[in-house]
Amino acid sequence: MPVLVSYPLLLWSVGILLARLVLASRTATSRLVNIALALGISSGLARERAIQSAVASATGTVINVPLMQQVGTVALLLALAPLIAIALRWRRPEGHASTTTVMMLALASGALMIVVGSSARGSGEYIDVQPGWRTAVYFALFSAWAASMPYLYLRVSVGELRRGQLPTQVSMVFWLFAIVAVWGLEEAVSILLMGVFAAIGIARAFVALRVTLNEVSFIYLLAVATLCAALPLWRAVTESLGVDSWTRSIRSLTPMWSDLVQTCPEVVLRHPSPQSSPVHRAHRMCVEIRDSLSLLGRYVGDLPAEGPVDSRSAAEVYYLAAHRRRADKPAGAFTKVPIEPSVDLKQEVRVLAAIGRHWPTEPRLVATTQGEQK
């Protein structure tokens with residue numbers, strides 16, 4: 001791989017890792033992604049010939065080039081372990097013990113690969129092309145981990161897609177996971193066959209092609225993985241600047257929400273988290289708005305028409321109901337205002353924001369309300 005390609009991509013990965021350590025959330029899943037990315041970068045660095053030679057020279061060949069090559073492969077195996085742990089957490093969220101077990105098994109497998117690869121290092125050969133049972137064991141260990149990760153992600157993705165009722169964006173993500181997982185399984189089988197063929201000394205052209213593909217494709221695979229790891233950073237940056245969709249939704253809901261919680265202070269949820277995310281704050285506001293509208297149902301006057309009420313009419317009706325409650329008008333029978341229902345938080349925000357855009361502030365409506373109070 002030309003250094004003009006590999007080094008910029010490695011620097012890109014290092015930059016994203018550092019940014020994640022500063023900006024990304026501190027959840028267990030985020031930490032596992034950081035570990036996987038760090039190990040992937042280590043694998044990429046260990047594959048660079050200039051770095052292999054520099055380390056060999058600096059250590060007096062204690063860590064020679066063949067060992068660095070094997071360390072690169074082992075680091076890639078270890079990078080798969082946190083991703084496997086994430087997939088297991090999806091299936092069993094309480095699986096802290098399983099995460100520890102996976103990491104320990106990966107370390108044991110990596111150590112066994114280094115031991116098995118000692119013969120190749122002693123002969124100075126690349127283990128990928130050395131005949132003998134050790135090559136088969138070496139790549140069987142690696143392929144088992146390389147197949148486990150895509151298998152788990154494929155199983156999770158297929159299961160979620162079969163359950164259905166997913167938002168379009170989430171469905172697309174699971175479809176992408178499934179496609180990449182199928183490709184990953186094919187790669188794992190191909191690498192296993194390469195190890196077996198190399199061990200028994202057949203299909204040398206296939207082995208040579210597979211070795212070349214392994215070296216060339218890894219850095220691009222790391223770049224794609226880094227891009228996926230960078231996506232949460234975009235959300236963190238937009239949230240910090242206040243330009244993300246949830247923060248904009250909060251701003252659009254604030255005038256109506258402020259009026260409603262002043263009118264119905266009993267709906268305010270207690271003990272808000274000082275570090276809650278914009279989506280949590282938006283959800284909280286929606287709950288408080290809906291609870292306020294429910295309380296104001298006993299202060300609603302005549303509805304403008306039968307049937308569904310549009311956003312403008314709903315805003316006027318609830319605005320007047322809020323002023324009646326603040327004026328200590330007697331509550332009447334509950335009147336249900338037939339506004340659009342919602343099935344998820346995004347739709348709920350859209351429905352309430354549409355009402356909020358028409359939340360009356362015109363002098364005509366204020367005068368009407370004041371006149372009603374007299």
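The values are calculated or read from the model by the stated rules, or taken from the named source; none is laboratory data. What you see is a predicted model, and the numbers here were worked out from it, not measured in a lab. All Cβ positions, glycine included, derive from the backbone under ideal geometry; neighbour counts span all protein chains shown. What goes into the accessible areas is simple: the full protein's heavy atoms, side chains included, and nothing from ligands, DNA or RNA. Shrake-Rupley method; radii C 1.70, N 1.55, O 1.52, S 1.80 Å.
Some points to look at:
- Unmet criterion (only one of (1) crowded, with 20+ Cβ neighbours inside 10 Å; (2) of a type in the set (S, T, N, Q); (3) not in a helix (DSSP H, G or I)) for Ser292: (3)
- Check on Ser171, hydroxyl-bearing (Ser, Thr, Tyr), in a helix (DSSP H, G or I), free of Cβ contacts under 8 Å to residues at least 60 places away in the same chain and closer than 25 Å to Arg89 by Cβ: yes
- For first residues located in segment 99-116 and farther than 16 Å from Ser148 by Cβ, partners that are open to solvent by 70 Å² or more (accessible area, probe 1.4 Å) and at pLDDT below 95 and lie 6+ apart or on another chain with Cβ distances below 7 Å form the pairs Val116/Arg134.
- In segment 191-214, residue nearest to the chain's Cα centre (by Cα) [restricted to those that are under 27 Å from Ser157 (Cα atoms) and crowded, with 17+ Cβ neighbours inside 10 Å]: Asn214
- Candidate set from segment 158-184 (those that are more than 21 Å from Ala146 (Cβ to Cβ) and over 16 Å from the mean Cα position of the chain (by Cα)); member that is modelled with the lowest pLDDT: Gln165
- Scan segment 139-153 for residues that are open to solvent by 40 Å² or more (accessible area, probe 1.4 Å) and farther than 17 Å from Thr101 by Cα and the total you get is 2.
- Being over 30 Å from Val300 (Cβ atoms) and out of contact with any helix residue (DSSP H, G or I) (no Cβ under 8 Å at 6 or more places or on another chain) is a property that Arg235 has.
- Only one of the numbered conditions (1) open to solvent by less than 50 Å² (accessible area, probe 1.4 Å); (2) more than 30 Å from Leu37 (Cβ to Cβ); (3) part of a helix (DSSP H, G or I) is violated by Gly301, and that is (3).
- Residues that are open to solvent by less than 20 Å² (accessible area, probe 1.4 Å) and of a type in the set (Val, Ile, Thr), drawn from segment 17-55: Ile41
- Checking the stated criteria, Glu239 turns out to be within 30 Å of Leu293 (Cβ to Cβ), charged (D, E, K, R) and open to solvent by less than 70 Å² (accessible area, probe 1.4 Å).
- Filter result for the condition that a residue is farther than 25 Å from His358 by Cβ, charged (D, E, K, R) and assigned to a loop (DSSP other than H, G, I, E, B), over Arg270, Arg235: Arg270
- Residue count for segment 333-349 under the criterion of being surrounded by fewer than 16 Cβ atoms within 10 Å (Cβ to Cβ) and either in contact with a Phe, Trp or Tyr (Cβ under 7 Å, 6 or more places away or on another chain) or closer than 13 Å to Ser252 by Cα (or both): the result is 0.
- The single condition among (1) open to solvent by less than 40 Å² (accessible area, probe 1.4 Å); (2) under 26 Å from Leu213 (Cβ atoms); (3) without any contact (Cβ under 8 Å) to a residue 60 or more places away in the chain that Gly132 does not meet is (3).
Residue by residue, here is whether (1) modelled with pLDDT of 85 or more; (2) among the hydrophobic types (A, V, I, L, M, F, W, C); (3) more than 44 Å from the chain's Cα centre (by Cα); (4) in a helix (DSSP H, G or I) holds:
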| residue | (1), (2), (3), (4) |
| --- | --- |
| Ser313 | yes, no, no, yes |
| Leu320 | yes, yes, no, yes |
| Arg325 | yes, no, yes, yes |
| Asp328 | yes, no, yes, no |
| Ile339 | no, yes, no, no |
| Ser342 | no, no, no, no |
| Glu348 | yes, no, no, yes |
| Trp359 | yes, yes, no, no |
| Thr369 | no, no, yes, yes |
